[in-house]
Structure formats: C-alpha cells, structure tokens
1. Only residues that are polar (S, T, N, Q) and either assigned to a strand (DSSP E or B) or touching a strand residue (DSSP E or B) at 6+ places or on another chain (Cβ under 8 Å) (or both): list them for region 342-398, please.
2. Can you find a residue in region 490-502 that is outside the structural domain of Glu378 (by TED's automatic domain parsing), of a type in the set (Asp, Glu) and in a helix (DSSP H, G or I)?
3. Pick out, from region 211-287, the helices (runs of 4 or more DSSP H) lying fully within it that include 2 or more residues that are closer than 22 Å to Tyr318 by Cα.
4. Can you name the strands (runs of 3 or more DSSP E) wholly within region 98-149 that have at least 1 residues being among the hydroxyl-bearing types (Ser, Thr, Tyr)?
5. If I ask for residues that are of a type in the set (A, V, I, L, M, F, W, C), out of contact with any Leu (no Cβ under 6 Å at 6 or more places or on another chain), surrounded by 22 or more Cβ atoms within 10 Å (Cβ to Cβ) and not in a strand (DSSP E or B), which ones from region 23-59 would you list?
6. Given the conditions (1) more than 12 Å from Gly47 (Cβ to Cβ); (2) surrounded by 11 or more Cβ atoms within 10 Å (Cβ to Cβ), report the number of the one that Gly140 does not fulfil.
7. Which residue is farthest from Thr66 (Cα to Cα), if the candidates are limited to region 122-141 and must be of a type outside the set (A, V, I, L, M) and modelled with pLDDT of 95 or more?
8. Can you confirm whether Ala51 is at pLDDT 95 or above and closer than 20 Å to Gly148 by Cβ?
Amino acid sequence: MAELLHELILESAKRSPGREALVYQKSRLDYGALAAEVSDAADALIGLGLARSERVAVYLEKRIETVAAMFGTSAAGGVFVPVNPILKAEQVAYILKDCSVRILVTSMDRLRLLSESLKDCRDLHTVLVVGDGDLPEISGINLHRWGGVARKSCRRHRVINADMAAILYTSGSTGKPKGVVLSHLNMVTGAKSVAQYLKNKPDDRILSVLPLSFDYGFSQLTTAFHVGATAVLMNHLLPRDIVKVVEKERITGLAAVPPLWIQLSQLEWPLEAASSIRYFTNSGGAMPLTTLAELRSRFPNASPYLMYGLTEAFRSTYLPPEEVDRRPDSIGKAIPNAEIMVVREDGSPCSPGEPGELVHRGALVSLGYWNDHEKTAERFKPAPNREGGLTMPEMAVWSGDTVRMDDEGFLYFISRRDEMIKTSGYRVSPTEVEEVIYATEMAGEVAAVGVPHPVLGQAIVVIVSERPGQPLDLDALMAECKQRLPAYMVPSEIRRHHGSLPRNPNGKIDRKLLLNGLLEG
C-alpha cells in the first residue's frame, strides 16, 4: 500500500505494468513506462545535487514531462512546486524566491520569458529545459536539457509520510500568494479518500483539464494513479475541445469549476461523449442550480458530486449523488478520514441551524504556510473539543468560512470571512491586483472588488482615482493590466472615482463600501 506520493505510481506499476496510465496527445504510457520515467527523473535530480527536501519548481503546461518531474522529485526525496503555467514572469520569480527553489523545470519558450527574472533568484542553481532550441546563457545558473543529464547510481534520500512532498501556492486575503505545504500523508490520504467516495476503479479514464498547481486539478492524477486508472492530460483552449477529447478518449470522470461547467452545460454533447461519463465533480465554488440541471440532462448516466475544499486541507466535504435532489444547495458531509466541525468563536460547537466557522481536522490538514508564521497561526489552531487528558495540541484548519449544519448533519455554505475574489475557479487577492496597478504609476488610489457574475462566479472590478496633475487613461491602464497580470486576474472593468476613495475607521480603503456602491448602482 502506497505511503509516499510517488508510490501511487510504483504500486500500480507492480500490480498492472501494462495498463494504460497516462495519455497526452499522441503519447500513451502504461504504468511500467510511467514508473520508469519517474525513476529516471529522480536519478537525474539526485545527480544534479538535489538535497533532501529541497524545492524543484515545475513551470510547464500539462505534458508527460510535467508529471515525471513532479513525481520524480517526490521519488528523489525533494519537494515539488507546481507553478501555474499562465503566471507571468514576475509572479513566477516571486514563488521561486519565496521557497528557495533550487532546480527549475520549464520549456524553452517559457525560459525566454523568465531569463531576466531568474537572475534575482539567488538559490536557483539549475534549469532543466524541455523542448528544442539553443540553450541561452544565464549567469550563475546551469542549464541542461530534460533527459540529457547523465544519471548516476546515487542513493535517493529517505523520507517518511510526515515529510514535505509539495508546496502549492494560493492567493492570500492580502499581499502575495502563500505556499501551502503538503506532506506525503496529506496527498496520499487525499487520493485514497476521494477515490473511495467517487468509487474510482482501474477502468476509469479521468480527464485532467484543471491546472496541476491547483490541488483540485492535481487530485485527478493522484486518484487515477491510486486505483491504476488512466489519466488523460489536456491543455484546453475552448470548451468544445473538452467535448472532443471526452468523446475520443471515452472519459468516465470529469472535474471542473463552476465557470467552466456553465460553458460546458451550454454545448451540444454527442451521444458517444455524454454516455461515457460515469461521474462529474464540482469544487471551487457553488454550481448554479440551472447548470446542475443542464448537466444532469446531458449526462443521464453520470453521478454528480458537489464538493467543498480548501488548499490548506485539500478537500473537506462532498454531497453524495443520492442527496442532490433533496438538498442541491448543500456542500454535504465530511469526506472519508476527515472530521468537519461548525463552531462558535470560542470553539464551542454550534447548534443545528446556527451559523459558525467550518473547522477541519484529520490527516488532510497541511503543514501550514511556507515561511509565514503569522498567517499560519491565524489559520492553523488547536482543534476544538479535545479530550482534556490529551496534553499535546492537534492542529486543525480554521477555514474562515461561515457555514451551518442541519439536523441530519449536512452542511450549507453561508459566506467567506475575508475579501478574496473567487473568479473562474481561482481565489484572487485584491491586493495582488492593486499592487500591479499601483506599479504602473498611472493611478492614485486603487481598490479591487469582486462583483457577482453569471459565468465567472465573480468578476474583478477595479476602482481608481487620478494621480494629482495626471489625467487618468483607463484604456491604457487596462492594457497594462493585460500585459502584467495572468488572464484570470485581469479586471473585467476599471472605473474612475472622483476624489479620494472612502476609508474605514482604521484608515484603510473601505472595499465593502465601494462594493455596496457598485451593487446598488
């Protein structure tokens, strides 16, 4: 039984080496071949001097090398850091510096975009480049081609399931993204838990369409590898492309976030495509009931799984398909091997129907935020309602989300405490957007807020004031945003505000007041 992340692949390779494991475009690897790819990657990383628990960043689109690099890092005893491929150079460089990445795996075209930024990444010593083209010269950094590193018979570092396996970066309520540190235990437990309630089996064919830097997206790989199923990698451009791949590959499991489900529900699905889907899952926000109804009519053989999760604890709840008709607005109950509590501010349990904070305890609780004691202390606190005789505290994740529980134990989401903007399945910090606009020196004061949107969940609207003596060019400012920000962070609209932006009693810009003004207007 797998205890470490990479063992999910190795154990399936022992059981069924000839079973198809991974598909990317025309490439098809069985479990034996995938295990060999992972082993080769691990040997190469060890040969490059990777020490135990050192970080390896993977900045690639979904492809065979991406999977081999991440699981190979695990096999070598390192910690992999998946970087969303749509991030721009500034955001990538921040992540590399924040967690002291030693080795970067990327493609030739992405390396060209990063070359200047990498000069400031002092801990980075090696870049492995996937693809053809002449390798550039970057001072202080060794560049090698993927697959071109001479493998040495070096002993791999010994790790246990309590050790770090990955750092996934997620936006914080203020400031830069936070690195959520996940152990092997977290990730393997998550794979087993999700595969259990989704009833995954070896003949499943799971489409990986979400970013692998997203815990929900990475889960498509771990659940597939745990049961020896097939994962099909896809970098989709249009929703119609997903329909074509589902039909071609006879996909049985499909996961998406609400904005994508809305688009998929509005397409015509050929009978061959719709009939192959055994289940579909939703997380990253509430699915509109009309969208759920559309999907259920298009996929008559599929079971819907509505889920709630947070990167700090991977996945927390799911609503069993047989309960969807009775309570489609519920986020369900705790997933296997997790406990979910609803508590008051003092940690005492809430009564049925009483709003309280969702607290998650168990093996899925991550190791906190990388190198951030303050934010870790805010979110990771002792689990409530512990037996008095237990003298060592157990850390739980206090989600900051307000929920209620009904008499039967089913949970219902009410609100998020912080000011995060949830758009296109991503959590966006208003401060991240604001800092980029401030950096243009084209605006005076800036505030980003999320307004309800029928497709995106929330749309980012930015309110700006003029700099003294400098006319405000909204079109030029929007062009700068498109140049500097990844697509999902680009504001849907920038609005001019005359005079200073309103303040709250603490002297900070009052985003809530601005948002209320937008909604009322």
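The values are calculated or read from the model by the stated rules, or taken from the named source; none is laboratory data. Here the structure is a predicted model, which means the values were calculated and not measured. Note that we place each Cβ from the backbone using ideal geometry, even for glycine, and neighbour counts take in every protein chain shown.
1. Ser366, Asn371, Thr376, Asn385
2. Of the residues in region 490-502, the ones outside the structural domain of Glu378 (by TED's automatic domain parsing) are 490-502.
Narrowing the set further to residues that are of a type in the set (Asp, Glu) leaves 493.
Those left that are additionally in a helix (DSSP H, G or I): none.
The answer is no; no qualifying residue exists.
3. Hits in region 211-287: 215-227, 258-265.
4. Per the criteria, 101-107, 126-130.
5. Across region 23-59, the qualifying residues are Val38, Ala41, Ala42, Ala44, Leu45, Ile46, Leu50.
6. (2)
7. Looking at the filtered set, the residue picked out is Asp123.
8. No.
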